[in-house]
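Below is one structure, written out as structure tokens, with a few remarks after it.
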Amino acid sequence: MNRPRLLPFVFGLASLLLLSPLGAAPQTSPGARKIKDIVIYEDPVFYSSFPSVVRRSDGELVVAFRRAPNRLTFGEEKNSHVDPNSYLMQVRSRDGGATWTKDPTLIYAHPWGGSQDPCLLQLRDGTLLCASYGWAFVKTDIVPKFKQPVFEVVPGVIFLGGYLVRSTDGGHAWSAPVYPPHVAAEANLDHYGRPIPAYNRGALYEGKSGRIFWVVAANTAGAKRRTSNHLLLSDDKGATWRYSAPVADDPQVTFNEASVYETPRGDLVAFLRTAGLDDHACIARSTDGGKTFQPWQDMGWQGHPLQATRLPDHRVLLVYGYRHKPYGVRARILNAECTDFATAPEIVLRDDGGTTDVGYPWAVVLEGRRVLVTYYINLANGTRHIAGTILETD
């Protein structure tokens with residue numbers, strides 16, 4: 001049941017649903033020791049998924065996630081990764097993840113349909129950015145009347161492209177959407193016949209100069225659904241964006257959900273989800289600040305999507321979902337320049353997922369050598385919920 005990611009994009013609408021607790025005993029792995037698993041947010045009447053997390057300067061943790069009704073409670077056969085009532089929500093912890101606010105608060109509800117995958121970035125001045133993208137739900141007989149091409153992920157569900165919202169008060173109030181520019185390689189239009197704005201699921205990154213990097217996707221084949229990756233830049237804290245360069249494109253391989261990271265040396269490294277490559281993760285590197293990228297490389301192992309977090313000693317914790325038996329969440333600790341991706345040992349964080357509908361991890365450094373890795377999971381095909389694993393790194 002591979003996630004129907006918007007992106008063609010591998011987004012082969014996978015769907016599905018329902019209830020849970022937690023599990024998996026602490027274990028020792030190369031580079032990190034698992035302390036415990038935690039439940040961050042769980043409610044059996046909601047399908048909760050695709051989290052991201054930041055740690056505020058006062059230590060408060062903020063986890064954003066996508067929440068939609070659990071359609072099984074309406075008597076429907078299954079849940080889907082697209083839903084007209086999927087909203088961007090958030091919960092908080094002030095005690096290092098031990099307890100969380102019970103009732104989530106709203107980040108954004110899209111006026112034309114559902115939103116997906118809130119991707120948080122905290123800037124050095126405390127500003128929060130949250131990137132997402134949306135879907136419009138229309139009658140199926142209307143779709144052929146739209147100016148073509150439009151991306152209809154399932155009958156009657158039209159892709160709207162991406163947007164960002166911003167907060168200057170720690171996520172208590174959010175701005176109106178900021179719409180990034182259209183990427184020329186993108187073939188699809190929205191329901192108004194306009195080129196759709198750039199979009200993607202994955203971590204943005206604020207570089208040493210204050211410039212923000214965002215690797216987005218573009219559907220270069222329209223209805224055939226083959227995406228490539230491209231770099232956008234912002235020099236004004238995410239208020240405006242401009243195109244920089246293609247990151248990865250291939251006539252046979254699809255690249256979509258991507259996270260970007262700047263190494264201490266100044267290289268930009270993009271970690272890419274693929275389709276058409278047996279679920280192998282890929283990497284693309286720029287040594288000139290994102291003006292150009294070297295040819296993409298197969299990292300040699302399976303997992304998606306990926307997110308990179310700098311540890312206090314400048315090593316990089318790379319986390320990713322694992323949708324092969326045993327389903328769960330995995331990680332690797334890379335060197336500071338992310339050059340040992342092919343040999344860094346794999347760390348199993350969770351292997352008790354009930355189905356392939358798990359993953360999308362996102363990590364944040366806590367006090368000392370501890371790290372919180374957030375993700376969504378189900379146990380025995382139960383409630384999709386937001387959970388986490390606390391690690392202690394060596």
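Listed conditions (1) closer than 25 Å to Glu186 by Cβ; (2) part of a strand (DSSP E or B); (3) free of Cβ contacts under 8 Å to residues at least 60 places away in the same chain are all met by Pro295, apart from (2).
Just to be sure, is Val247 in contact (Cβ under 8 Å) with a residue 24 or more places away in the chain, surrounded by 21 or more Cβ atoms within 10 Å (Cβ to Cβ) and more than 16 Å from the chain's Cα centre (by Cα)? The answer is yes for Val247.
Per the listing Val138, Val143, Val157, the residue uniquely buried (at least 21 other Cβ atoms within 10 Å of the Cβ), of a type in the set (A, V, I, L, M) and more than 28 Å from Glu60 (Cβ to Cβ) is Val157. Scanning the range 213-242 for residues that are of a type in the set (A, V, I, L, M, F, W, C) and either part of a strand (DSSP E or B) or within 18 Å of Glu257 (Cα to Cα) (or both) returns Phe213, Trp214, Val215, Val216, Ala217, Ala218, Ala221, Leu231, Leu232, Leu233.
Per-residue answers, yes or no, for (1) in contact with a helix residue (DSSP H, G or I) (Cβ under 8 Å, 6 or more places away or on another chain); (2) of a type in the set (S, T, N, Q); (3) within 18 Å of Lys36 (Cβ to Cβ):
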site: Leu318; (1), (2), (3): no, no, no
site: Gly321; (1), (2), (3): no, no, no
site: Pro326; (1), (2), (3): no, no, no
site: Leu334; (1), (2), (3): no, no, no
site: Thr355; (1), (2), (3): no, yes, no
site: Val365; (1), (2), (3): no, no, yes
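Of all the listed residues (Val329, Val348, Val365), the sole one being surrounded by 18 or more Cβ atoms within 10 Å (Cβ to Cβ), in contact with a strand residue (DSSP E or B) (Cβ under 8 Å, 6 or more places away or on another chain) and either among the small types (Gly, Ala, Ser) or at pLDDT 95 or above (or both) is Val329. For the range 180-212, taking the residues that are charged (D, E, K, R) and either touching a residue at least 60 places away in the same chain (Cβ under 8 Å) or more than 17 Å from Trp112 (Cα to Cα) (or both), the one that is surrounded by the fewest Cβ atoms within 10 Å (Cβ to Cβ) is identified as Lys208. Taking Ser93 as the residue in question, decide whether it is crowded, with 22+ Cβ neighbours inside 10 Å and closer than 23 Å to Leu366 by Cα. Taking the combined requirement at face value, the residue does not satisfy it. Do we have any residue at all in the range 373-386 that's under 18 Å from Val54 (Cα atoms), in contact (Cβ under 8 Å) with a residue 12 or more places away in the chain and surrounded by fewer than 24 Cβ atoms within 10 Å (Cβ to Cβ)? No, the range 373-386 contains no residue that is under 18 Å from Val54 (Cα atoms), in contact (Cβ under 8 Å) with a residue 12 or more places away in the chain and surrounded by fewer than 24 Cβ atoms within 10 Å (Cβ to Cβ).
Of these, Ala245, Ala184, Ala203, which one is touching a strand residue (DSSP E or B) at 6+ places or on another chain (Cβ under 9 Å), part of a loop (DSSP other than H, G, I, E, B), under 26 Å from Val319 (Cα atoms) and among the small types (Gly, Ala, Ser)? Break it down into steps so the answer makes sense when it comes.
Values: Ala245 fails: part of a loop (DSSP other than H, G, I, E, B); Ala184 fails: under 26 Å from Val319 (Cα atoms).
From the options Ala245, Ala184, Ala203, the qualifying one is Ala203.
When each of Ala336, Ala342, Ala380, Ala387 is tested for being among the small types (Gly, Ala, Ser) and in a strand (DSSP E or B), the lone residue that passes is Ala387.
What strands (runs of 3 or more DSSP E) lie completely within the range 18-122 and have 3 or more residues being among the β-branched types (Val, Ile, Thr) and modelled with pLDDT of 95 or more?
Correct list: 32-41.
Of the residues making up the range 275-297, none is in contact with a Cys (Cβ under 6 Å, 6 or more places away or on another chain), surrounded by fewer than 17 Cβ atoms within 10 Å (Cβ to Cβ) and over 22 Å from Ser52 (Cα atoms).
Whenever a residue of the range 317-341 is among the polar types (S, T, N, Q), its partners that are not in a strand (DSSP E or B), lying with C-beta atoms within less than 7 angstrom and at least six residues away or across chains, give the pairs Asn335/Arg315. Going by the conditions given, is Leu160 within 21 Å of Arg124 (Cα to Cα), in contact with a strand residue (DSSP E or B) (Cβ under 7 Å, 6 or more places away or on another chain), at pLDDT 95 or above and not β-branched (Val, Ile, Thr)? No, not satisfied.
The values are calculated or read from the model by the stated rules, or taken from the named source; none is laboratory data. Only a predicted model underlies this, so the values are computations on that prediction, with no experimental measurement involved. We place every Cβ from the backbone using ideal geometry, glycine too, and count neighbours over all the protein chains shown.
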